Amino acid sequence: MSMLIDWKSREIFSSLRVPEDSMVILRLDGWRFSDLALSLGLDKPYDRRFAETMVRATSKLFELGMPINLAYTFSDEISLLLNPPLPWRGRVEKMNSVIPSLVSSFISNELRRNDIAFDSRVVFITGASDAIDYLSWRQEEAWRNHINSYALYALEKEGITGKKADEMLRGMKSHEKHELVFKKLGINLAETPAWQRRGILIRWEEFEKKGFDPIEGKEVIVKRRKIVQDWEPPIFSSEEGRRYLIKALGINEKKF
Ligand SMILES: Nc1nc2c(ncn2[C@@H]2O[C@H](COP(=O)(O)OP(=O)(O)O)[C@@H](O)[C@H]2O)c(=O)[nH]1
Ligand SMILES: [Mg+2]
């Protein structure tokens with residue numbers, strides 16, 4: 001009998017929480033998705049149907065009632081902006097396990113694979129301005145990823161792969177990668193589909209709907225919200241991008 005220890009007290013991380021009245025970002029990243037992309041034979045460097053799967057998995061979290069204000073995805077990562085009051089009263093272990101499990105489960109089902117996993121981390125933010133800054137940072141990463149993915153693909157067409165290709169890329173400046181892609185693939189990296197360059201944003205949108213008030217016995221306009229996918233978001237660090245994000249964030253403004 002091993003009842004000498006109070007085992008509950010050994011769950012030493014269970015009390016780790018973010019104050020539940022704060023906003024928080026959760027970033028999920030696919031586990032070994034380079035291998036997965038290969039074995040699934042995903043289109044290179046970008047697979048539209050895979051991106052759609054990522055977007056559907058993200059939308060599912062909104063539909064399940066997670067308090068998500070907006071989400072941003074590119075490649076195999078998803079950032080979720082969670083609103084207060086945080087689920088599980090902000091418990092880090094819960095947020096970092098249940099949410100990536102839901103995404104994994106959904107994608108696993110869609111791709112008919114049983115080896116899908118996502119890691120998850122909490123990013124602490126102090127308000128809407130941090131959220132905009134964070135999203136700009138991820139969008140810059142999406143842009144770098146876009147240049148590198150196309151450049152790798154161009155090298156692969158030349159028969160250069162693996163470590164050798166990585167090494168060559170590391171030694172190249174951004175404009176050299178652009179030139180390589182243009183020369184080898186005939187693609188201008190400023191003219192690829194916007195979602196590949198800027199990522200995809202999933203958010204709420206308010207709309208007005210005619211309803212009927214049975215007590216007053218008349219038609220009324222009611223506000224509803226729906227989930228929308230933005231495959232052509234603006235550049236978040238631009239003035240237009242800032243305005244766009246502030247508006248998207250504002251739908252749940254009362255909660256900040
Ligand atoms: N072919 C293809 N691969 C993709 C696509 N989206 C993501 N990937 C792969 O997923 C990887 C994600 O990067 P990272 O998280 O660093 O790699 P991981 O550690 O293997 O998950 C990329 O390097 C690509 O290999 C896509 O649309 N098409
Ligand atoms: Mg990954």
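Among the listed residues SER14, SER22, which satisfies the condition of being more than 15 Å from ligand 2 (Cβ to nearest atom) and farther than 29 Å from ILE246 by Cα? Before the answer, list the steps.
On the way: SER22 fails: farther than 29 Å from ILE246 by Cα.
Answer to the check: SER14.
Would you pick out the residues in the range 34-67 that are of a type in the set (Asp, Glu) and open to solvent by less than 60 Å² (accessible area, probe 1.4 Å)? Once the filter is applied, which keeps residues that are of a type in the set (Asp, Glu) and open to solvent by less than 60 Å² (accessible area, probe 1.4 Å), the range 34-67 yields ASP47, GLU52. Condition check: in contact with a Phe, Trp or Tyr (Cβ under 9 Å, 6 or more places away or on another chain) and more than 16 Å from ligand 2 (Cβ to nearest atom). Does ASP130 satisfy that? Answer is yes for this residue.
For ALA71, are the conditions met, namely being open to solvent by less than 30 Å² (accessible area, probe 1.4 Å), more than 16 Å from ligand 1 (Cβ to nearest atom) and within 25 Å of ILE147 (Cα to Cα)? Taking the combined requirement at face value, the residue satisfies it.
Conditions first: (1) free of Cβ contacts under 8 Å to residues at least 40 places away in the same chain; (2) within 15 Å of ligand 2 (Cβ to nearest atom). THR53 passes all but one, so which condition is the exception? Every listed condition holds for THR53 apart from (1). Of everything in the range 91-115 that is free of Cβ contacts under 8 Å to residues at least 60 places away in the same chain and basic (Lys, Arg), the residue that is least open to solvent (accessible area, probe 1.4 Å) is LYS94.
Exactly one residue among GLU77, GLU63 is within 13 Å of ligand 2 (Cβ to nearest atom) and either under 21 Å from ILE107 (Cα atoms) or in contact (Cβ under 8 Å) with a residue 40 or more places away in the chain (or both), and that residue is GLU77. Taking the range 116-200 and the helices (runs of 4 or more DSSP H) fully enclosed by it, the elements with 2 or more residues that are under 23 Å from the mean Cα position of the chain (by Cα), in contact (Cβ under 8 Å) with a residue 24 or more places away in the chain and surrounded by fewer than 19 Cβ atoms within 10 Å (Cβ to Cβ) are at 128-157.
Looking at TRP31, TRP88, which is the one that is away from ligand 2 (no atom under 16 Å from the Cβ) and open to solvent by 30 Å² or more (accessible area, probe 1.4 Å)? Give the steps one after another, and end with the answer.
Details: TRP31 fails: away from ligand 2 (no atom under 16 Å from the Cβ).
Only one candidate passes the filter, namely TRP88.
For the range 185-202, check the following and say yes or no: at least one residue is touching a Pro at 6+ places or on another chain (Cβ under 6 Å) and among the aliphatic types (A, V, I, L, M). Checked against the condition, which is being touching a Pro at 6+ places or on another chain (Cβ under 6 Å) and among the aliphatic types (A, V, I, L, M), the range 185-202 yields at least one hit. State all residues of the range 3-28 that are more than 23 Å from ALA71 (Cα to Cα) and open to solvent by 90 Å² or more (accessible area, probe 1.4 Å); if no residue qualifies, say none. Hits for the range 3-28 are MET3, LEU4, ASP6, TRP7, LYS8, ARG10, GLU11, ILE12, PHE13, LEU16.
The values are calculated or read from the model by the stated rules, or taken from the named source; none is laboratory data. Only a predicted model underlies this, so the values are computations on that prediction, with no experimental measurement involved. Positions of Cβ are backbone-derived with ideal geometry, glycine not excepted, and every protein chain shown enters the neighbour counts. Just the protein is used for accessible areas: all its heavy atoms, side chains included, with ligands, DNA and RNA removed. Shrake-Rupley method; radii C 1.70, N 1.55, O 1.52, S 1.80 Å.
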